[in-house]
Amino acid sequence: PACTLDDFEIVCTIGSGSYGTCKKVRRKKDRKILAWKEMDYGSMTESEKQMLVSEVNLLRELKHPHIVRYHDRIIDRSKTTIYIIMEYCDGGDLASIISRNKKKGTYVDEDFVWKILIQMTSALEECHRRKDGKAVLHRDLKPANVFLDSDNNVKLGDFGLARVLHHETSFARTYVGTPYYMSPELVNNMSYNEKSDVWAMGCMLYELCALHPPFIATNQSELNKKICLGEFKRIPSQYSEHLNALLAKMLRVDVHKRPSIKDVLSEPIVLKKQSSFE
Ligand code: ADP
Ligand code: MG
């Protein structure tokens with residue numbers, strides 16, 4: 001039977017984003033701690049609502065060790081609110097790791113970067129592989145959406161704004177990500193595609209090493225120029241050339257020369273690192 005709001009008690013509010021509030025909740029029957037995201041669909045158009053429903057249905061199918069697990073959804077018609085219930089992540093996120101290291105004047109270990117790279121890539125592969133009609137694009141890859149568990153394993157979260165990617169068009173339009181990670185094709189008003197997720201992942205891993213994004217500017221048009229030029233400083237010298245070279249590939253301006261997620265996963269250095277973590 002479908003669960004209802006009565007099956008849960010609210011522990012606290014975790015925070016609010018642009019599209020709703022995230023709360024920590026406890027499922028009464030087994031006291032399991034979960035998180036839910038409340039979204040008011042009251043002002044959505046009929047087609048937006050349909051999009052939301054199909055998105056949530058897709059999220060339910062995304063089962064992967066490095067993707068925040070979605071459990072259920074509750075719809076409260078009287079409040080025009082949908083509650084998306086998911087795994088609760090309490091190990092912090094990459095944003096806090098970046099700011100902590102910045103404050104202390106330290107850098108993260110290269111092995112940690114490789115582990116994040118490999119686990120994120122495998123999570124994105126699971127999304128992009130759904131070529132049977134629709135792929136899920138993350139669209140909002142940013143350090144705050146990469147959660148960690150107590151063993152520093154990645155849990156990619158917040159597909160809350162991922163849009164359904166239809167096969168026949170093979171792209172989805174609206175860009176909703178963080179401007180620093182915006183890819184050159186998006187700057188040029190082209191469509192978000194799988195390679196844009198690769199670019200954003202490259203930016204994020206670069207930031208994890210350098211503790212600042214590869215392209216920085218004080219205004220959007222300056223940032224756009226830098227992104228399209230695609231020039232950035234090498235990551236700090238203690239990181240290997242292998243890592244530097246792979247990040248540089250992910251940050252190729254030309255979409256056709258930029259690797260897909262599959263290409264990244266078949267890089268010899270990635271295969272080697274992957275087996276060293278197993
Ligand atoms: P944003 O647009 O800022 O990502 P969200 O609504 O996604 O807003 O998140 C609000 C807060 O809830 C953030 O602090 C985020 O880290 C946290 N959060 C989101 N999902 C989870 C989760 N599954 N477990 C724990 N915290 C979460
Ligand atoms: Mg979020």
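The values are calculated or read from the model by the stated rules, or taken from the named source; none is laboratory data. It should be emphasised that the depicted structure is a prediction, and the values quoted were computed from it without experimental measurement. Cβ placement follows ideal geometry from the backbone for every residue including glycine, while neighbour counts extend to all protein chains displayed. Note: areas computed on protein heavy atoms with side chains; ligands, DNA, RNA excluded. Shrake-Rupley method; radii C 1.70, N 1.55, O 1.52, S 1.80 Å.
Quick notes on this one:
- Among the listed pairs Lys23/Lys79; Lys23/Lys142; Lys195/Lys262; Lys37/Lys262; Lys29/Lys155; Lys103/Lys273, those beyond 22 Å (Cα-Cα): Lys37/Lys262; Lys29/Lys155; Lys103/Lys273
- Partners of Lys226 within straight-line reach, counting aspartates and glutamates whose Cα lies under 20 Å from its Cα and excluding those fewer than 8 residues away in the same chain: Glu185, Asp197, Glu207, Asp254.
- Over the C-alpha atoms of the chain, the Rg to Rh ratio, Rh being the Kirkwood estimate, stands at 0.97.
- Charge context of Ile84, other residues only, Cβ under 9 angstrom, K/R +1, D/E -1: 0
- Probe 1.4 Å, accessible area per residue of segment 1-128, Å²: 54
- Converting phi to 3J(HN,Hα) with the Karplus coefficients 6.51, -1.76 and 1.60 and the offset θ = phi - 60°, segment 112-125 yields 5, 4, 4, 4, 4, 4, 5, 5, 5, 4, 5, 5, 5, 4 Hz in sequence order, with x at every glycine or proline.
- Ranked packing of 259-269, 24-34, most packed first, by mean Cβ within 10 Å: 259-269, 24-34
- Note, ³J(HN,Hα) from phi for segment 224-234, Karplus 6.51, -1.76, 1.60, rounded to Hz, x at Gly and Pro: 4, 4, 5, 4, 6, 6, x, 9, 8, 6, 4
- The protection proxy used here, the mean number of other Cβ atoms lying within 10 Å of each residue, ranks peptides 144-153, 71-80 as follows, highest first: 144-153, 71-80.
- Net +/- balance of residues flanking Val11 in space, Cβ distance below 15 Å, scoring K and R +1, D and E -1: +2
- Formal net charge of residues neighbouring Pro259 (Cβ-Cβ distance under 11 Å; K, R +1; D, E -1): +3
- Under the convention that each Lys and Arg Cβ holds +1 and each Asp and Glu Cβ holds -1, the size of the dipole of segment 57-99 around its Cα centre is about 240 debye.
- Point-charge dipole on Cβ atoms (K/R +1, D/E -1) for segment 227-272, about Cα centre, debye to 20: 40
- Measuring nothing but protein heavy atoms, the accessible surface of the chain at 1.4 Å probe radius is 50 percent carbon and sulfur.
- Taking the Cα centre of the chain as reference, the dipole from Cβ charges on Lys and Arg (+1) and Asp and Glu (-1) amounts to some 220 debye.
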